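Please read the structure below before turning to the comments.
Derivation of every value follows stated rules applied to the coordinates shown; laboratory data play no part. Nothing here was measured: the structure is a model prediction, and the numbers come from that model. Positions of Cβ are backbone-derived with ideal geometry, glycine not excepted, and every protein chain shown enters the neighbour counts.
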Amino acid sequence: MDDTQPPKWAKPVLEFGPVLGFFAAYLWLKDRVFTIGGTEYEGFIVVTAGFIPVFLISMGLLWRLTGHLSRMQVVTAVLIVVFGGLSVWFNDPRFFKMKPTMIYLLFGGVLGYGLMRGRSYLQYVMDGVMPLTDAGWMILTRRLMLFFFGLALLNEAIWRTQTEEIWVYFKTFGLTAAIFVFFMAQGALFRDHSTEETDTKGT
């Protein structure tokens, strides 16, 4: 078995490269119209059509390098294919703009279903990433569920009321920044419910 580890830059490049590529391509082609097979397609649709295979190739390379894809990455890939494909097929950008809404509603719904059963599905997915007590995982899961629902509502508000360009900026940078700020704001939770101190005392 090959134990060679991929370069540290490979994972972030493969995860964020397609999104940044989408953003750059959109800025380049947003004002152009392409006639393909007798049908006119705006730049947004053409960029979306190119983004789908690029994203799938990136996920394939990520799986090849790391031997692992998270469930969230797999679900995201499926929804990108479905909603991106619908946008291209019907020549309607609204489907692709709804994709983040569907992703966050799905993630929030799954976390909520777990909470109703008294379980943290977030802990199941990320237990090796953050050392938290069971109580800490439940609190974080509840907060993240509400956060995902909030992002879904925010995405709907942005794409329905703002220009397409503003939505692209929001999707590329706003959602990423919001997630970063959310986890940074959980510092007290990570401190109060960390298991690292217990593990250290036990050794």
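Can you name every residue in region 152-178 that is surrounded by fewer than 14 Cβ atoms within 10 Å (Cβ to Cβ) and of a type in the set (Val, Ile, Thr)?
Once the filter is applied, which keeps residues that are surrounded by fewer than 14 Cβ atoms within 10 Å (Cβ to Cβ) and of a type in the set (Val, Ile, Thr), region 152-178 yields THR161, THR163, ILE166, THR176.
Does PHE51 satisfy the condition of being under 20 Å from PHE23 (Cα atoms) and in contact with a Lys or Arg (Cβ under 8 Å, 6 or more places away or on another chain)?
Considered against the rule, which asks whether it is under 20 Å from PHE23 (Cα atoms) and in contact with a Lys or Arg (Cβ under 8 Å, 6 or more places away or on another chain), PHE51 comes out as no.
Starting from region 161-176, take each residue that is under 19 Å from PHE147 (Cα atoms) and list its partners that are in a helix (DSSP H, G or I) and among the hydroxyl-bearing types (Ser, Thr, Tyr), counting only C-beta distances under 9 angstrom and pairs at least six apart or across chains.
Correct list of pairs: THR172/TYR26; LEU175/TYR104.
Taking only region 62-80 into account, find how many residues are part of a helix (DSSP H, G or I), surrounded by fewer than 15 Cβ atoms within 10 Å (Cβ to Cβ) and not polar (S, T, N, Q).
Selection size over region 62-80: 6.
When you look at PHE182, is it in contact with a helix residue (DSSP H, G or I) (Cβ under 6 Å, 6 or more places away or on another chain) and crowded, with 17+ Cβ neighbours inside 10 Å, yes or no?
In short, no.
So that you can scan it fast, the table gives a plain yes or no per residue for (1) free of Cβ contacts under 8 Å to residues at least 12 places away in the same chain; (2) aliphatic (A, V, I, L, M); (3) touching a strand residue (DSSP E or B) at 6+ places or on another chain (Cβ under 7 Å); (4) on the phi > 0 side of the Ramachandran plot:
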position: PRO100; (1), (2), (3), (4): no, no, no, no
position: LEU144; (1), (2), (3), (4): no, yes, no, no
position: PHE148; (1), (2), (3), (4): no, no, no, no
position: ALA185; (1), (2), (3), (4): yes, yes, no, no
position: LEU189; (1), (2), (3), (4): no, yes, no, no
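Looking at region 107-132, which of its residues are touching a residue at least 24 places away in the same chain (Cβ under 8 Å), hydrophobic (A, V, I, L, M, F, W, C) and crowded, with 17+ Cβ neighbours inside 10 Å?
Result: PHE107, LEU111, MET130, LEU132.
Take the conditions touching a Pro at 6+ places or on another chain (Cβ under 7 Å) and more than 19 Å from GLU156 (Cα to Cα) and apply them to PHE90. Does it pass?
No.
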